[in-house]
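The values are calculated or read from the model by the stated rules, or taken from the named source; none is laboratory data. If you're wondering where the values come from, they're calculated on a predicted model, not measured in any experiment. When we count neighbours, we look across all protein chains shown, and the Cβ atoms used for this are built from the backbone with ideal geometry, even at glycine. Keep in mind that these areas ignore ligands, DNA and RNA; they rest on the heavy atoms of the full protein, side chains included. Shrake-Rupley method; radii C 1.70, N 1.55, O 1.52, S 1.80 Å.
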Amino acid sequence: MTDRPRIFSGMQPTGELHIGNYLGALREWVRIAETDQFDAIFSVVDAHATTVEYAPGQMREQTFETALTYMAAGLDPERVTLMVQADVPAHMELTWYLSTVTALGDLYRMTQFKEKSEEHRNNVNAGLFCYPVLMAADILVYKATVVPVGNDQVQHLELAREVARRFNARFGDVFPEPEARLTNTPRIRGLDGKAKMSKSRGNTISLFDEPAVIHKKLKGAFTDELKLRRGDPGRPEVCNVFTIHCAVTEADEVDRIERDCRSGALGCGECKERLGQRLVAELDPIRQRASELRGDRARVIEALRAGGARCQLLAEATMAEVRAAMGMSTRDMG
Ligand code: AMP
Ligand code: TRP
């Protein structure tokens, strides 16, 4: 069991997860976990979430809710390890060491840093800048080789590989190079049809939206600006509603939708109606399991504590290697 390749991924506890998180990452985590081919660790990365303004009083509850959502979506703590980042301080310790082999220029190039420093102009802190180094540490501290994420994290993964290479070149072969693993819908746009679906943009369908809310949001969703009425031929390749269909609708039905959209036989209203039904069918069980789990808080908390304890041991073993390789601490002093 222990020689299975290791997989690591995480999400920030910044509010209810949305279908972008789910179709871009979380559902893939569940599928991967079900194969039992990997030793999988999934984290709620609370330390990452401190890089933007937040309410300390709400952080724990959001961390809990994010972990609960993982379980509701189908991650079973008997088969995978669930953990909260701040429960294993080695992530932060390794961040420091890795920061010394990370080029400033590489960090300046990060798209997410540029976007977030625009968005939070009054709080462009060093943590926001070093965010990708902490992410590299999350992965490398467990020597994970596969990292299932959405498209927006690919650049961070490339940086993590570069950091691993530089560390190995300077201090010896300690870290494997992790690889991103994407789904076939690695980037879901928001209801505006343009920007990435994200909590901060308020353009989301939440995993916990009630069926009526899902249908209502879809009614207002942007499709193809050239398809104004039913008979107009549409272009599925530019339509976000079609992208989401690709993620949740059976392949032969997707083929029919594509054909009928192009010919004009299928209108956007009907297409959205079908998508709403598919989404509700997919999300209903998750919403129900989440509400059951809310009545059994101890189960979630115990899973996280047990996961944290296991990760603590794994991470300490890597840190002993790192400190020895770098000549740190009194440990090997004679
Ligand atoms: P975050 O909410 O930024 O912590 O993202 C958690 C995970 O969801 C990461 O793997 C992201 O790449 C993924 N993700 C977030 N938004 C989207 C989106 N709109 N489409 C696809 N994947 C996404
Ligand atoms: N940066 C990721 C995001 O915003 C979250 C994250 C933190 C992560 N550490 C990670 C993802 C390690 C994968 C592996 O989505």
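So if I check each of 3, 87, 76, 46, which one is in contact with a Cys (Cβ under 8 Å, 6 or more places away or on another chain) and acidic (Asp, Glu)? So that I can check it myself, show each step before the final result.
On the way: 3 fails: in contact with a Cys (Cβ under 8 Å, 6 or more places away or on another chain); 76 fails: in contact with a Cys (Cβ under 8 Å, 6 or more places away or on another chain); 46 fails: in contact with a Cys (Cβ under 8 Å, 6 or more places away or on another chain).
87 is the lone residue from the list that is in contact with a Cys (Cβ under 8 Å, 6 or more places away or on another chain) and acidic (Asp, Glu).
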Please count how many residues of the range 161-188 are buried (at least 16 other Cβ atoms within 10 Å of the Cβ) and within 19 Å of residue 96 (Cβ to Cβ). 9
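Report, by residue number, each residue of the range 147-199 that is small (Gly, Ala, Ser), within 11 Å of ligand 2 (Cβ to nearest atom) and assigned to a helix (DSSP H, G or I).
Taking the range 147-199 as the starting set, the residues that turn out to be small (Gly, Ala, Ser) are 150, 160, 164, 169, 172, 180, 190, 193, 195, 198.
From the residues that got through so far, the ones that are within 11 Å of ligand 2 (Cβ to nearest atom) too are 150, 160, 180, 198.
Result: 160, single match.
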Mind checking which residues of the range 194-216 are within 12 Å of ligand 1 (Cβ to nearest atom), without any contact (Cβ under 8 Å) to a residue 60 or more places away in the chain and open to solvent by less than 70 Å² (accessible area, probe 1.4 Å)? 195, 203
Within the range 8-17, count every residue that is over 10 Å from the mean Cα position of the chain (by Cα), part of a loop (DSSP other than H, G, I, E, B) and surrounded by 21 or more Cβ atoms within 10 Å (Cβ to Cβ). 1
Scanning the range 253-264 for residues that are at negative phi and open to solvent by less than 50 Å² (accessible area, probe 1.4 Å), which turns out nearest to the chain's Cα centre (by Cα)? 254
Pick from the range 20-42, criterion over 29 Å from residue 194 (Cα atoms) and either buried (at least 21 other Cβ atoms within 10 Å of the Cβ) or of a type in the set (A, V, I, L, M, F, W, C) (or both), ranking: farthest from the chain's Cα centre (by Cα): 38
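Name the one entry in 321, 302, 258 that is part of a helix (DSSP H, G or I) and in contact with a helix residue (DSSP H, G or I) (Cβ under 9 Å, 6 or more places away or on another chain).
On the way: 321 fails: in contact with a helix residue (DSSP H, G or I) (Cβ under 9 Å, 6 or more places away or on another chain); 302 fails: in contact with a helix residue (DSSP H, G or I) (Cβ under 9 Å, 6 or more places away or on another chain).
Criteria check complete, one pass: 258.
In this structure, is residue 297 closer than 30 Å to residue 61 by Cα, at pLDDT 95 or above and in contact with a strand residue (DSSP E or B) (Cβ under 9 Å, 6 or more places away or on another chain)? Working first, answer last.
Working: closer than 30 Å to residue 61 by Cα: yes; at pLDDT 95 or above: yes; in contact with a strand residue (DSSP E or B) (Cβ under 9 Å, 6 or more places away or on another chain): no.
Judged against the criteria, residue 297 is not a match.
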Scan (1) away from ligand 2 (no atom under 14 Å from the Cβ); (2) crowded, with 21+ Cβ neighbours inside 10 Å; (3) hydroxyl-bearing (Ser, Thr, Tyr) for the single condition residue 99 breaks and write down its number. (2)
For the range 266-299, the count of residues that are surrounded by 17 or more Cβ atoms within 10 Å (Cβ to Cβ), over 22 Å from the mean Cα position of the chain (by Cα), among the small types (Gly, Ala, Ser) and in a helix (DSSP H, G or I) equals 1
Within the bounds of the range 167-175, is there any residue that is touching a Leu at 6+ places or on another chain (Cβ under 6 Å), modelled with pLDDT of 95 or more and away from ligand 1 (no atom under 16 Å from the Cβ)? yes
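Right, residue 243: of a type outside the set (Asp, Glu), surrounded by 14 or more Cβ atoms within 10 Å (Cβ to Cβ) and touching a Phe, Trp or Tyr at 6+ places or on another chain (Cβ under 9 Å) or not? Steps first, answer last, please.
Details: of a type outside the set (Asp, Glu): yes; surrounded by 14 or more Cβ atoms within 10 Å (Cβ to Cβ): yes; touching a Phe, Trp or Tyr at 6+ places or on another chain (Cβ under 9 Å): no.
Judged against the criteria, residue 243 is not a match.
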In this structure, does residue 79 turn out to be over 21 Å from residue 135 (Cβ atoms) and open to solvent by 10 Å² or more (accessible area, probe 1.4 Å)? yes
